[in-house]
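The values are calculated or read from the model by the stated rules, or taken from the named source; none is laboratory data. A quick note: this is a predicted structure, and the numbers were derived from the prediction, not measured. Here the Cβ is made from the backbone with ideal geometry for all residues, glycine too, and neighbour counts use every protein chain on show. To get the accessible areas, we keep the full protein, side chains included, count just its heavy atoms, and leave off ligands, DNA and RNA. Shrake-Rupley method; radii C 1.70, N 1.55, O 1.52, S 1.80 Å.
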Amino acid sequence: MANIENMVSICCITYNQEKFIAEALDGFLMQETDFNFEIIIGDDCSKDATRTIIEEYSEKYPGKIQLLSNNENEGAVKNILKTLSAANGKYVAMCDGDDYWTDSRKLQMQVDFMEMNSDSSICCHYSRVINEIGDLVYEDNNPVPLEFIYEDVLLGRKDETRVCTMMMRNSDHLKNIKCQEWFYQVYSADTFFKLYVLSKSKAKLYVLPEVMAVYRLHEKGVWSMIDSQVRKRKMIDDFNILISNFSYSARHKRELLKIYLMQYFLFDVKNFKIQKAINTLITLS
């Protein structure tokens, strides 16, 4: 249940991100709001100085930062679920420990929007993409408002909704995802957060036309710099979880089949995953 003492719970997961976590924390702490917010950090048993840095910030800002430390590495999905379980705010804002926020108005703008738009369950915004040394990789210089519904995300239409931009209502739908066994098998957890929340709430995902965060590509990133073959396999696994656990119309089933045939089928065949390919085709037939 939401706690009015904290309008927003910032949920951040981290693992071996000593080079980046301070920048993430600075982005949280610089937020200028007319409401209270809490910062919850889930450290997944980092082996470097990540935890020490967080503890130093906690001492510097007493009562502002809650550190949840795992005694062993549990993986990103369990880590984010533990972090979300500690969230008491009306809204949850997400950001991984290797990304960061760049605009002190971010939380205020998103809360204001969601307070005024009851048909929104998720609010995102544009982000800048950089590489490990800080060089710009991508930025949309002409941001415009976007909106998506469940069927859009189902079919992969979710531009400018990176996890470092996401704010969601701290609803029962969000809390209950931990009860879904399939969720513990996914790789792109943020996509399934969007899918599940939108499917249950029947509401919309809005994207504000403001660049207010940075998404970082680096060699230790959970997703961004993974080997292309491994990434493709994980994308296919996520796709199969999607088609097996979410509802869709006959028309959307045809579109999902088209996506599989165009993006994944040949990869399965070339890698001798014939039975997997057959199973996917049967599901979408």
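Take the conditions (1) farther than 24 Å from Asp112 by Cβ; (2) surrounded by 14 or more Cβ atoms within 10 Å (Cβ to Cβ); (3) hydroxyl-bearing (Ser, Thr, Tyr); Ser171 misses just one of them, which is (1). Can you tell me which residues in the stretch 9-35 are under 19 Å from Gln110 (Cβ atoms), open to solvent by 50 Å² or more (accessible area, probe 1.4 Å) and in contact with a strand residue (DSSP E or B) (Cβ under 8 Å, 6 or more places away or on another chain)? The answer is Asp26, Met30.
Ala213 satisfies every condition listed in (1) out of contact with any Asp or Glu (no Cβ under 9 Å at 6 or more places or on another chain); (2) open to solvent by less than 30 Å² (accessible area, probe 1.4 Å); (3) more than 22 Å from Gln185 (Cβ to Cβ) except (1). Count of the stretch 23-51 residues, restricted to those that are among the hydrophobic types (A, V, I, L, M, F, W, C), touching a Ser or Thr at 6+ places or on another chain (Cβ under 6 Å) and closer than 19 Å to Ala86 by Cβ, is 1.
Quick one: is Ser228 over 21 Å from Leu281 (Cβ atoms), over 18 Å from the mean Cα position of the chain (by Cα) and among the hydroxyl-bearing types (Ser, Thr, Tyr)? Yes. On inspection, Phe192 qualifies as under 26 Å from Lys78 (Cα atoms), in contact with a helix residue (DSSP H, G or I) (Cβ under 8 Å, 6 or more places away or on another chain) and either open to solvent by less than 40 Å² (accessible area, probe 1.4 Å) or assigned to a loop (DSSP other than H, G, I, E, B) (or both). Restricting the stretch 155-167 to residues that are among the aliphatic types (A, V, I, L, M) and part of a loop (DSSP other than H, G, I, E, B), the residue that is surrounded by the fewest Cβ atoms within 10 Å (Cβ to Cβ) is Leu155. On the basis of being closer than 16 Å to Val92 by Cα and open to solvent by less than 50 Å² (accessible area, probe 1.4 Å), does Asn6 make the cut? Taking the combined requirement at face value, the residue satisfies it. Taking the stretch 37-154 as the region of interest, the helices (runs of 4 or more DSSP H) fully inside it that hold 2 or more residues being open to solvent by 10 Å² or more (accessible area, probe 1.4 Å) and in contact with a Phe, Trp or Tyr (Cβ under 9 Å, 6 or more places away or on another chain) are 76-85, 106-116, 150-154.
The single condition from (1) at negative phi; (2) more than 16 Å from the chain's Cα centre (by Cα) that Phe192 fails is (2).
Checked against (1) assigned to a helix (DSSP H, G or I); (2) closer than 25 Å to Leu256 by Cβ, Lys178 meets all criteria but (2). Within the stretch 191-242, if we keep just the residues that are modelled with pLDDT of 95 or more and of a type in the set (Asp, Glu), the residue that is nearest to Tyr138 (Cα to Cα) turns out to be Glu210. Per the conditions (1) in contact with a Ser or Thr (Cβ under 6 Å, 6 or more places away or on another chain); (2) modelled with pLDDT of 95 or more, the sole criterion not satisfied by His173 is (2).
Cβ separations smaller than 7 Å between residues 6+ apart or across chains give no pair from the stretch 264-283 residues that are farther than 18 Å from Asp238 by Cβ and of a type in the set (Gly, Ala, Ser) to residues that are open to solvent by 50 Å² or more (accessible area, probe 1.4 Å) and part of a loop (DSSP other than H, G, I, E, B).
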